[in-house]
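These notes concern the structure reproduced below.
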């Protein structure tokens, strides 16, 4: 098998005494959308956050096992450098209380020394990737005045602006209406040609619509991981079948 | 039968005790100088602790007010940090009020500079010129170069007014620093070579000037006159030091026992000790004896 | 029955609320009416623009409050220039950067600072800060506006720190998460995201600190030298509005021009505080609007 973009090997994670990820091993390929599904509290968001070391912010979190990015242990490089390559979009749209332009430019200003025109070019490119450029005539307007869907797409633009190679999305549509959801999903499908996308979702239909691969997690364990169609049509594990049939979750 | 007796006894007791109180309860009112009011008040409090039937009311309002209330017979004793004016003397004569002039303490004002300051003596006209802001650089009157910094008190201080009206005889320069008290001025001068300040001599007592790291200036009346030191008891007693004033009281005659006793207390060793503790000078032996004599005479006047 | 009790309680609470407003209005009216009496004898223009304040002067009283106003502004500005950056930096350090140990150590210390009586601070100003200023700035005396500013800065710091810390803590974690997610570090997140996100809170805390500094009397009185001159800088002695009232109210006879003049000074101080509060509200509201 070719080198994977992201890889977890026998990953255990504890929050204090709580064992939230149990021996998770997963290999996520590039230029595909991988969905993580499972009932609430199964650890899918927690697993996602392992990939860009978001748990570093929580002093209670303790990690065992290996997480690899492009074959390298992520804990060997600096967290900030890793996060520039492994971008993240959060469950709730969280633009900064600043202008639209400043939001998108934030990551660029941190990592790169750009001239004003270069910066402007990159910001506009990111916004057009997120299909926002036509909707937002005034980039100086406050990001807080946008609709929820626009805000979330702005957050995606902000994440892709620094040209990461992986995009982690933590239930990006859970706070959005169906139309905005559709727009974000379309965006995800377009993004996969350039990025490795990992998306956590509680919406099985969404997983079906956007993902190439799907992982099913339950109680902190990775139960099953295969191509999306195969998992949905003929899951090998009984838990997966029960979950997909809606017996629980 | 018993009960009526008891009632009668009670009534008699009350009547007698009432009489006793009326007879022994004594009251005097002392009015006048604001600069003396705290000193006299503290002595009155001490006196009243001793004599629980005595009541001494102390009111400020200024020397003029005190003397006026003596004239109007609203007070028995007037505090004054100055002598009577001619007008006041005439008014007293008109009203046929005899008074006794008492000196119960002395207040001398010393001028202080930093211990490294080359100046040793200062004339009154230099003091006036300095405090008016007419001399702004020390080189005009001493070997020291550099601007003069004036230290003084806030406008609610009696010394502030005394010095302004009697010595400076003009408004202070507006760069005068208004500090909170004598001790603060000493502290400031200790640290400032360019400063000059004035303090009550009482604050210089106890420690020597070199211990306090300040220099107390000798004062001359005029350019060729003799210099006098506020630290010299002889100069002070002889009244030679030019910036001193007696703290006065005027007692209306004939005076009540309480008024006489209170003044006696002021002149006693304990009273004079309190005067020292309040930052003023106790009386020299000569004045002290004169005052005691005058007081005895006043008692006879009454008898 | 219960209904009646409820209504009674409502009435009592209303009365309490109303009475505090009435007391405030009463104070303001008293200041204003007494202060206005001054202007029978001194013109408003002379009062506000006169450079000399000396009601008990040897050669006739002068009621020019400009030097007092300028003194107050000078000392307060100096204090704020030090206290606002320092206070916000301390607050940010405590809430975002410091390990728990330091936070637990600093917080009670700062609360302790708030509890120091102003007279004690004044004493520190005379005994410690004054001589230090003399030594290191080569001044002849430590009784100046700068000394007052430093002490007022110390007095305003606890207010600014604790309120700023609250404001910083109130910034949603999601903002920080987003910033970290984009590769920002602790400091970048703090300066570029967290602090800008709570600007209105920081302004409010600074203004409250300013109010504290403006009204403070004792410390300033003790260390600024109280000279009547018009101050030209931080190394000059100043006499603030508050000090003037404190020094002179004790010796003034009621009903005199001087008495009314002190009320006019008090009204001035009241108005100054009012203006600052209104400005603070306006600025804070503007920033709030931009964020939502």
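The values are calculated or read from the model by the stated rules, or taken from the named source; none is laboratory data. Computed from a predicted model, the values in this text were never measured in an experiment. Note that we place each Cβ from the backbone using ideal geometry, even for glycine, and neighbour counts take in every protein chain shown.
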**Study point:** Any chance residue C:207 is surrounded by fewer than 24 Cβ atoms within 10 Å (Cβ to Cβ), in contact with a helix residue (DSSP H, G or I) (Cβ under 8 Å, 6 or more places away or on another chain) and within 16 Å of residue C:110 (Cα to Cα)
**Key:** no
Revision key, fill the gap. Checked B:238, B:259, B:252 against criteria (in contact with a helix residue (DSSP H, G or I) (Cβ under 8 Å, 6 or more places away or on another chain) and more than 14 Å from chain C (Cβ to nearest Cβ)); the one match is B:252
Check your understanding: In the list A:82, A:68, which residue meets the criterion of being in a strand (DSSP E or B), in contact with a helix residue (DSSP H, G or I) (Cβ under 8 Å, 6 or more places away or on another chain) and more than 20 Å from residue A:201 (Cα to Cα)?
Key -> A:68
Practice item. Report, by residue number, each residue of region B:64-80 that is within 18 Å of residue B:245 (Cα to Cα) and surrounded by fewer than 22 Cβ atoms within 10 Å (Cβ to Cβ). Key: B:64
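Conditions (1) more than 14 Å from the chain's Cα centre (by Cα); (2) over 17 Å from residue A:167 (Cβ atoms); (3) touching a residue at least 12 places away in the same chain (Cβ under 8 Å); (4) surrounded by 15 or more Cβ atoms within 10 Å (Cβ to Cβ), marked per residue:
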position: A:183; (1), (2), (3), (4): yes, no, yes, yes
position: A:205; (1), (2), (3), (4): yes, yes, no, no
position: A:211; (1), (2), (3), (4): no, no, yes, yes
position: A:221; (1), (2), (3), (4): yes, yes, yes, yes
position: A:224; (1), (2), (3), (4): yes, yes, yes, yes
position: A:229; (1), (2), (3), (4): yes, yes, no, no
position: A:233; (1), (2), (3), (4): yes, yes, no, no
position: A:246; (1), (2), (3), (4): yes, yes, no, no
Review point. Which of the residues that make up region C:141-170 are within 14 Å of chain A (Cβ to nearest Cβ) and either surrounded by fewer than 21 Cβ atoms within 10 Å (Cβ to Cβ) or within 15 Å of the chain's Cα centre (by Cα) (or both)?
Key: C:170
Exercise for review: Look at region C:11-69 and say how many of its residues are within 14 Å of another protein chain (Cβ to nearest Cβ) and in a helix (DSSP H, G or I).
Suggested key: 3
Review point. Only one residue in B:214, B:189 is away from every other protein chain (no Cβ under 12 Å) and either touching a helix residue (DSSP H, G or I) at 6+ places or on another chain (Cβ under 7 Å) or surrounded by 18 or more Cβ atoms within 10 Å (Cβ to Cβ) (or both), so which one is that?
Key: B:214
**Study point:** Flag for residue A:222 being within 14 Å of chain C (Cβ to nearest Cβ) and assigned to a strand (DSSP E or B)
**Key:** no
Exercise for review: Kindly indicate which of A:154, A:176 is farther than 25 Å from residue C:198 by Cβ and out of contact with any strand residue (DSSP E or B) (no Cβ under 8 Å at 6 or more places or on another chain).
Suggested key: A:176
Check your understanding: residue C:127 is checked against (1) without any contact (Cβ under 8 Å) to a residue 12 or more places away in the chain; (2) closer than 26 Å to residue C:228 by Cβ; (3) over 25 Å from the mean Cα position of the chain (by Cα) and fails just one. What number does that condition carry?
Key -> (3)
Revision key, fill the gap. Going through (1) surrounded by 15 or more Cβ atoms within 10 Å (Cβ to Cβ); (2) without any contact (Cβ under 8 Å) to a residue 12 or more places away in the chain; (3) part of a helix (DSSP H, G or I) one by one, residue C:90 fails only at (2)
Exercise for review: Consider residue A:208 carefully, then state whether it is assigned to a helix (DSSP H, G or I), out of contact with any strand residue (DSSP E or B) (no Cβ under 7 Å at 6 or more places or on another chain) and within 26 Å of residue A:83 (Cβ to Cβ).
Suggested key: no
Check your understanding: Can you list the helices (runs of 4 or more DSSP H) found entirely within region B:255-303 that contain at least 1 residues being more than 15 Å from the chain's Cα centre (by Cα) and more than 27 Å from residue B:232 (Cα to Cα)?
Key -> B:257-267, B:285-302
Review point. Restricting the search to region A:139-164, which residues are under 24 Å from residue A:110 (Cβ atoms) and away from chain C (no Cβ under 13 Å)?
Key: A:139, A:150, A:153
Review point. Among the numbered criteria (1) more than 11 Å from chain B (Cβ to nearest Cβ); (2) under 24 Å from residue C:139 (Cβ atoms); (3) at pLDDT below 90, which single criterion is violated by residue C:242?
Key: (3)
Revision key, fill the gap. Within region A:66-99, the count of residues that are surrounded by 16 or more Cβ atoms within 10 Å (Cβ to Cβ) and in contact with a strand residue (DSSP E or B) (Cβ under 8 Å, 6 or more places away or on another chain) comes to 15
Exercise for review: Test each condition in (1) without any contact (Cβ under 8 Å) to a residue 40 or more places away in the chain; (2) assigned to a loop (DSSP other than H, G, I, E, B); (3) touching a strand residue (DSSP E or B) at 6+ places or on another chain (Cβ under 9 Å) for residue B:235 and report the one that comes out false.
Suggested key: (2)
Exercise for review: Give just the number: which of (1) touching a residue at least 60 places away in the same chain (Cβ under 8 Å); (2) within 12 Å of chain C (Cβ to nearest Cβ) does residue B:121 not satisfy?
Suggested key: (2)
Point to revise | Meets criteria (exposed (fewer than 14 other Cβ atoms within 10 Å of the Cβ) and within 14 Å of chain C (Cβ to nearest Cβ)) for residue A:59 | key: yes
**Study point:** Only one of B:162, B:151 that is more than 11 Å from chain C (Cβ to nearest Cβ) and outside any loop (DSSP other than H, G, I, E, B)
**Key:** B:162
Practice item. Would you kindly identify the helices (runs of 4 or more DSSP H) lying entirely within region B:53-132 that contain at least 1 residues that are at pLDDT 85 or above and closer than 30 Å to residue B:145 by Cβ? Key: B:124-132
Revision key, fill the gap. The condition from (1) at pLDDT below 90; (2) under 30 Å from residue C:220 (Cα atoms); (3) facing another protein chain (nearest Cβ under 9 Å) that residue C:185 misses is numbered (2)
